[in-house]
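A short worksheet on the structure shown next.
The values are calculated or read from the model by the stated rules, or taken from the named source; none is laboratory data. On a predicted model such as this, the values are computed, not experimentally measured, just so you know. Cβ: placed from backbone, ideal geometry, glycine included. Neighbour counts: every protein chain shown. The protein model used for the area step is the full one, side chains on, heavy atoms only, and it has no ligands, DNA or RNA in it. Shrake-Rupley method; radii C 1.70, N 1.55, O 1.52, S 1.80 Å.
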Amino acid sequence: MSTTGLSLSREKGTDHDVVPSMTLTPNGIEGDRHGGPGLRQISLMHDTVARYYFPDSTEEALPGKGQENILLRGDGLPELRLLDTLEIDDAILEITQIGKKVNETGKPLCSAQAKCLLSDHGVFARVVHGGTIETGQPIRHQHRLLRAHIITVSDRASKGAYEDKSGPAVRALLDTWCQENRWGLWVETQIVPDEDEALEAVLNNARQSRVDLIITTGGTGVGPRDITPDIVTRHADKVIPGIMEHIRMKYGATMPMALTSRSVAATMGNALVYTLPGSTRAIPEYLDEIFKTMEHMLLILKGLDAH
């Protein structure tokens, strides 16, 4: 992809001005009336859409016809997902919305136009890193990155008494989920004993490193050293009870021992936290249900409307 045209909306009710370059800041485009904090600072559109709806426009006059700030050319725009990034020289944009929303009455926000192209074909982004961009520059598309920390909580595995199989099982299933849902994946794994201080230290480090996802395995039962749900709940900002309640009821109907699990789901800072049993049989059962809502909650924690 590349920038085939740039335009600014300086005043409400006026046409966009075509410009050869623009400066991106944490508040959007310098000089654009849509500047300010928020999720929809910059609008983008593919030039094939603009050329279809404005066939009489010259290449020089085409940018901004669809009310977009950046007109793009090349492959890639249909493949964008929320939280993907676009790098244009030093500037970095993060995709925050695909298509335009309507207001509380259901009326399109751009209803003054006969057809709002942004509603069907637009992409919106916020500025992650500022810089000056120009027409004709290449755009590098990076898939969104999921930063995950997998923690195995086990006395014996931490001492090397037996091989940890639950952590790698989580990693393998998470790899598959990320591939199927177009996420990049960065993973850190760790094994700690069933001790309060050891688990608390790892959780605090994960919070400070701003990971998106924390999955623990082990320590979810009722034994004297099963402390994982207790420690996570103590450090959580919000507990999400419905997920684990559903899993316990689903599998407890045929396997009553599943009802003895004390697994919890929670948020901790900007991270989702799930405590799974240490059983390699239970891990895919739990993750199969967790994955159904995980992306939605990741987006919500990033401040995006995932509906």
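Residue check: is residue 207 open to solvent by 40 Å² or more (accessible area, probe 1.4 Å), at pLDDT below 95 and within 28 Å of the chain's Cα centre (by Cα)?
Details: open to solvent by 40 Å² or more (accessible area, probe 1.4 Å): yes; at pLDDT below 95: yes; within 28 Å of the chain's Cα centre (by Cα): yes.
In short, yes.
Yes/no matrix, rows are residues, columns are (1) open to solvent by less than 80 Å² (accessible area, probe 1.4 Å); (2) within 18 Å of residue 290 (Cβ to Cβ); (3) outside any helix (DSSP H, G or I):
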position	(1), (2), (3)
151	yes, yes, yes
157	yes, no, no
167	yes, yes, no
170	yes, yes, no
173	yes, yes, no
176	yes, yes, no
Seminar exercise, completed: In the set 59, 79, the lone residue that is at pLDDT 85 or above and exposed (fewer than 14 other Cβ atoms within 10 Å of the Cβ) is 59
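Right, residue 74: open to solvent by less than 40 Å² (accessible area, probe 1.4 Å) and not acidic (Asp, Glu) or not?
Spelling it out, residue 74 is indeed open to solvent by less than 40 Å² (accessible area, probe 1.4 Å) and not acidic (Asp, Glu).
Before we move on, is residue 25 under 29 Å from the mean Cα position of the chain (by Cα) and open to solvent by 60 Å² or more (accessible area, probe 1.4 Å)?
On the way: under 29 Å from the mean Cα position of the chain (by Cα): yes; open to solvent by 60 Å² or more (accessible area, probe 1.4 Å): no.
The answer is no for residue 25.
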Exercise. How many residues, within region 216-244, are hydrophobic (A, V, I, L, M, F, W, C), open to solvent by 60 Å² or more (accessible area, probe 1.4 Å) and either over 24 Å from the mean Cα position of the chain (by Cα) or over 17 Å from residue 268 (Cα atoms) (or both)?
Worked result: 1
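Residue-by-condition table, conditions (1) modelled with pLDDT of 95 or more; (2) over 16 Å from residue 183 (Cα atoms); (3) touching a helix residue (DSSP H, G or I) at 6+ places or on another chain (Cβ under 7 Å):
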{"position": "258", "(1), (2), (3)": "no, yes, yes"}
{"position": "263", "(1), (2), (3)": "yes, yes, yes"}
{"position": "266", "(1), (2), (3)": "yes, yes, yes"}
{"position": "274", "(1), (2), (3)": "yes, yes, yes"}
{"position": "280", "(1), (2), (3)": "no, yes, yes"}
{"position": "283", "(1), (2), (3)": "yes, yes, yes"}
{"position": "288", "(1), (2), (3)": "yes, yes, no"}
{"position": "302", "(1), (2), (3)": "no, no, no"}
Problem set entry | Residue satisfying all of: in region 253-291; touching a residue at least 40 places away in the same chain (Cβ under 8 Å) and farther than 29 Å from residue 302 by Cα; surrounded by the fewest Cβ atoms within 10 Å (Cβ to Cβ) among these | 280
